[in-house]
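In what follows, a single structure is set out as structure tokens and then discussed.
The values are calculated or read from the model by the stated rules, or taken from the named source; none is laboratory data. Since this is a predicted model, take the numbers as computed values, not measurements. Here the Cβ is made from the backbone with ideal geometry for all residues, glycine too, and neighbour counts use every protein chain on show. Note: accessible area is taken over every heavy atom of the protein model, side chains too, but ligands, DNA and RNA are not part of it. Shrake-Rupley method; radii C 1.70, N 1.55, O 1.52, S 1.80 Å.
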Amino acid sequence: MTNPSYAPERETSEGKVFTVTGGDWDTVVSGTDPVTDERIIVNMGPQHPSTHGVLRLILELEGETVREMRSVVGYLHTGIEKSLEYRNWVQGTTFVTRMDYLSPIFNETAYSLAVEKLLGIEDQITERATTIRVLMMELNRISSHLVWLATTGMELGAISIMLYGFREREYILEIFEMVTGLRMNMAYVRPGGVAQDVPDSAVKKIREFLIMMPKRLKEYEDLLSGQPIWTERTQGVAVLDVTACVALGVTGPVLRSAGLPWDLRKTEPYCGYETYDFDVPTSNDADVWGRYQVRLAEIRESLKIIEQALDRLRPGPIMVADKKIAWPAQLALGVDGLGNSLEHVAKIMGQSMESLIHHFKLVTEGFRVPPGQVYVAIEGPRGELGAHAVSDGGTRPYRVHFREPSFVNLQALPAMAEGGLIADVIAGGASLDPVMGGCDR
Amino acid sequence: MVTTSPDKDPVTDAKQHAQRSEPANESANPTNQDPQAPSAKPGGGVPVQATPVGATTGAPAELPPSSVAGRGMFGISGSGDTSGFGGLVRRRIGVGGTERPYGGYFDEVYDALDEAFPGLDEAIEKVIVDRGELTLHIKAERIVEVAKAMRDDESLRFELCSSVSGVDYLGSDERRLHVAYHLTSMTYRRRVRLEVAVGTENPHVPSVCSVYPTADWQERETYDMFGIIFDGHPALTRILMPDDWEGYPQRKDYPLGGVPVEYKGAEIPPPDRRRSYQ
């Protein structure tokens, strides 16, 4: 019965502690006295297939009912905010892109907007760069929502939707690869603009995507919306109303599923979102079902925005004209990702010493950012993604803090789960769409 | 707002000069210059043989660089810029704060808060308007009352506390640990930043959890990273770092850590020991 690979059961001041490794549930049940110990405490995670990454939940159960729940985070803490302070401002994008790995473009954009606000160059960002940012953000929103749909479906027992969701997401990642050279963690949006122009082949692929995606959305709805198990598992589950959402700081699709049309793209527009024609989907259900409906509708709205952004793409510069800020290299996309273009290397190495000095200063030292602090918030796929950036006037960030919607939203999980069934903890947690890379940073 | 170049500010220049003229090998213990600084325990108790170069990169927004790392490794003085590259004008935010009118909706917010919270004059330290953002510096012990007024008053209605984060202004401010609360009014679509400052000897700030429940984890994170103790918080424990961790990683005197990496025969030092241009 005892497996030497696992910790043995032991007596503690809190009662008997078991290490459950699967198949020995009988040991646990026989070890508790059903008369006096009605409540057992179950530790779920941090490695558990349905806790959305390394999230750990500690559940106090009475039968199958959750009486109390605490979530433990921090298993994916990588000190990104600290590391940022030792790199220059442009290098910061390569760090923030790794925070919430399902929405890298949003992290980069929030960071870049904050740096641009500190520099006071918001007005100098070219129209093409802004349009590309919007285009990429909305593609990223769709890919993030698709992962949500795929994983949530899987966690609730619908395996097919997992395959379909990841299939379409793969298509978007291919578009990202065509544009940026990388599928994830692209460091594509930089302070001052974007790193690379969108090639015509990518525009063509996005157009194809716009034709394909509505049909696929229909397929998802055919698979899930009328399905009794899906409706049973989602309707009336993990309810959180507007008051609770605002008190707990929950934003994004969860807040909109409770009925409040709060979307920063509409309420505090940035990147020219006020000029795009789209709606903010809401629902009055305030449950997992409502969040599913809102996210699917948001994919449709994102498709509308992408189409408008594509129509607006006019040739033009993608970086600010200020050569003291704009990254000096003209990057070229090779088979192994982005790299310096040979033309640029030939120029700085063979023709212009001033260009070499300029390149060297900007790449090794970076630009100086006037001292002060700003807070910039954008609407990420999970809610308000805020960047609080402080500069001391130097070439490195003095402090950058990300208001991560995953982190803030996870606080609401006990409010959703306590008093419900243990199976609904999974549905509720999944409906918050936490990404632990963003939560723990 | 005072906007000057650092080189034209005599006080600033003198300070910079004084710090630059020290011998470079004093870098072993730079923070001891200031008896107020909590340098007795660098890294909050984690044993480090010396404060690493770069651990205190740069200086805070309001005062000139004070750290050894801020001087860089090239022995330069002034901006050191011979290329015209650092041509950006360095703005200096007036330490005294901004004078009225603040512009935009900021005057309206201030007046409404003044009306809703009678003791505002002695609770507020200064008002700063910079880059289109309003920052109200509040005395730490009054933050909960001010936050409550901000949330409840009809003409303020800051229902959402978007973000709570800490900043360590080591070397510029005796009360070096700052907490910034970013409040959002969904009704009026406005944002305001409240800021409080405390020293490291007595880093106590009342918790705003009772006003904004969402501050719970965010205050825990700020405690975890900066060691700011939020009085009245329901369960102030570490959240991102392990429970038995010593020290507060986001403080500026806490080393980054890291090991040198060897690549094709060359050794690349960890990030905080690389050459610094600041």
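Note down the nm distance, to one decimal, between modelled labels 7 Å out along Cα→Cβ at residue A:203 and at residue B:152.
Distance between the two pseudo-spin positions: 5.8 nm.
Pull up all non-local amide H partners of residue A:50: gap of 5 or more, or a different chain, and H-to-H distance under 5 Å with H placed in the peptide plane.
Hits under the 5 Å cutoff: none.
Roll a 1.4 Å probe over the protein heavy atoms and report the accessible area of residue A:304 in Å², nearest 10.
Accessible area, nearest 10 Å²: 80 Å².
I'd like the Karplus ³J(HN,Hα) series for segment B:112-129: coefficients 6.51, -1.76, 1.60, θ = phi - 60°, whole numbers in Hz, and an x wherever there's a Gly or Pro.
So the J values, rounded to whole Hz, are 5, 5, 4, 6, 6, 10, x, x, 4, 4, 8, 8, 9, 9, 7, 10, 10, 10.
Can you pull a Stokes-Einstein diffusion coefficient for segment A:42-123 at 25 °C (0.890 mPa s), Rh from Kirkwood over Cα pairs, as a whole number of µm²/s?
After rounding, the answer is 159 µm²/s.
B plus A alone minus the pair: what accessible area, both sides summed, probe 1.4 Å, in Å² to 100?
5500
Using a cut-off of 11 Å between beta-carbons, work out the net charge of the residues near residue A:219 (Lys and Arg +1, Asp and Glu -1, residue A:219 not included).
Net charge around residue A:219: +1.
Round to a whole angstrom and tell me the spacing of the C-alpha centers of segment B:176-233 and segment A:282-321.
Result: 33 Å between the Cα centres.
Compute the signed sum of charges (Lys and Arg +1, Asp and Glu -1) over the other residues within less than 12 Å, Cβ to Cβ, of residue A:237.
Once positives and negatives cancel, what remains is -2.
Compute, for segment A:296-356, the length of the dipole vector about the Cα centre, with Cβ point charges of +1 (Lys, Arg) and -1 (Asp, Glu) only. Units Debye, rounded to 20.
160
What's the FRET efficiency of residue B:137 with residue A:241 using the Cβ-Cβ distance as r and R₀ = 41 Å, to the nearest 0.05?
The calculated FRET efficiency here is 0.70.
What share of all Cα pairs of segment B:88-199, in percent, falls into each consecutive 10 Å distance bin?
All Cα pairs, binned at 10 Å, distribute as 14, 48, 32, 6, 0 percent.
Using the Kyte-Doolittle scale, find the helices of chain A whose mean hydropathy is at least -0.5 and whose Cα atoms extend 27 Å or more along the helix's long axis, counting only whole DSSP H runs.
Qualifying helices: A:127-155, A:159-180, A:200-224, A:288-312.
Spin-label point model (7 Å from Cα, Cβ direction): what's the residue A:70 to residue B:115 distance in nm?
So the two model labels end up 4.5 nm from each other.
Have a look at segment A:391-409 and report residues whose accessible surface goes down by 50 Å² or more when the remaining protein chains are included, against the chain on its own, probe 1.4 Å, ligands and DNA/RNA excluded.
A:392, A:396, A:398, A:399, A:401, A:407
Please give the FRET efficiency for residue A:58 paired with residue A:122, using the beta carbon to beta carbon distance and R0 = 45 Å, rounded to the nearest 0.05.
0.50
Apply 1/(1 + (r/R0)^6) to the Cβ-Cβ distance of residue A:170 and residue A:418, taking R0 = 35 Å, and write down the FRET efficiency to the nearest 0.05.
Efficiency computed from Cβ-Cβ geometry: 0.40.
So what is Rg over Rh here for segment B:184-278, counting just Cα atoms and using Kirkwood for Rh?
1.14
What is the sum of charges around residue B:107, taking Lys and Arg as +1, Asp and Glu as -1, for the other residues whose C-beta is under 11 Å from the C-beta of residue B:107?
After counting each charged neighbour, the total is -2.
Are there residues in segment B:153-179 whose accessible area shrinks by at least 20 Å² when all protein chains are included rather than the chain by itself, and which are they (probe 1.4 Å, ligands and nucleic acids not counted)?
Buried by 20 Å² or more upon assembly, which counts only protein chains, are B:159, B:160, B:162, B:163, B:165, B:167, B:169.
Ordering B:261, B:144 by accessible area with a probe of 1.4 Å, largest first, what comes out?
B:261, B:144
Which percent of the accessible area of segment A:51-204 is formed by carbon and sulfur heavy atoms (probe 1.4 angstrom)?
About 51 percent, which is the carbon plus sulfur part of the accessible surface.
Of all the stretches in chain A, which is the longest one without any exposed loop site, taking GluC sites (Glu not before Pro) in a DSSP loop (any state but H, G, I, E, B) with at most 14 other Cβ atoms within 10 Å?
The reported range is A:65-441.
Pop out the ³J(HN,Hα) list for segment B:256-269 in order, Karplus 6.51 cos²θ - 1.76 cosθ + 1.60 with θ = phi - 60°, rounded to Hz; leave Gly and Pro as x.
Each residue's phi maps through the Karplus curve to give 6, x, x, 10, x, 10, 9, 9, 6, x, 9, 9, 9, x Hz.
Can you run phi through the Karplus equation (6.51, -1.76, 1.60; θ = phi - 60°) for segment A:255-265 and list ³J(HN,Hα) in whole Hz, with x for Gly and Pro?
Once θ is set to phi - 60°, the couplings for segment A:255-265 become 5, 5, 5, 8, x, 8, x, 9, 9, 4, 5 Hz.
From Cα pairs below 8 angstrom and at least 6 apart in sequence, can you work out the relative contact order of chain A, rounded to a whole percent?
The value is 24 percent.
Can you return the lysines within cross-link range of residue A:204? Criterion is Cα-Cα under 20 Å, with same-chain partners fewer than 8 residues away left out.
Here the lysines satisfying the reach criterion relative to residue A:204 are A:215, A:304.
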